[in-house]
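The next block holds one structure in the form of structure tokens; read it before the comments.
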Amino acid sequence: MLTYVLGPFLALLPRSLRNLLPVGSALDWRRATVLSGLGEALIALREKVMTKGLPKVPDELFFSGSGPDEFLEIRASRKKADWAAPRTVRYRDTFYRLEASRTGMPPRPFHYMLRKLSAGVMGRTVLIYSPEEEPLLAKK
């Protein structure tokens, strides 16, 4: 049972440190890999449950800072596919670097923090942010 609870964490240790554990190589470290996949599935299930009862509302944008430290926070009611830091996102004609994502409170539990970039960063993996509905501008 302990393997199932601690396995995903212990699997991250280097092999030399795992061999120093009291149980050594007797643990089946492959189970830890399977369990970490199970953990990812549970996180995905949690996100599905979190958005099930929420109405689909337009995204909310919050601009902060100025100059090189300008930020854009997008608060969305649905999780955006492939939005994992660090990625480059284009909104209108401006490029941003996705710095972080976190969960917040309903009705927009998915928050994405983007930092404004200088011009000329276009590439193949740029995410284009063009919402279906016009996003709302937030005061804070």
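The values are calculated or read from the model by the stated rules, or taken from the named source; none is laboratory data. Keep in mind it's a predicted model, so treat the numbers as computed, not measured. Glycine also receives a Cβ, built like all others from the backbone with ideal geometry; neighbour counts cover every protein chain displayed.
With respect to being modelled with pLDDT under 80, part of a helix (DSSP H, G or I), closer than 30 Å to Leu136 by Cβ and not β-branched (Val, Ile, Thr), Pro68 fits the description.
Can you say whether Leu117 is closer than 27 Å to Leu54 by Cβ and either charged (D, E, K, R) or in contact with a strand residue (DSSP E or B) (Cβ under 7 Å, 6 or more places away or on another chain) (or both), as far as the supplied structure shows? No, not satisfied.
Would you be able to say whether some residue in the range 91-102 is in contact (Cβ under 8 Å) with a residue 60 or more places away in the chain, hydrophobic (A, V, I, L, M, F, W, C) and surrounded by 13 or more Cβ atoms within 10 Å (Cβ to Cβ)? Checked the range 91-102: no residue is in contact (Cβ under 8 Å) with a residue 60 or more places away in the chain, hydrophobic (A, V, I, L, M, F, W, C) and surrounded by 13 or more Cβ atoms within 10 Å (Cβ to Cβ).
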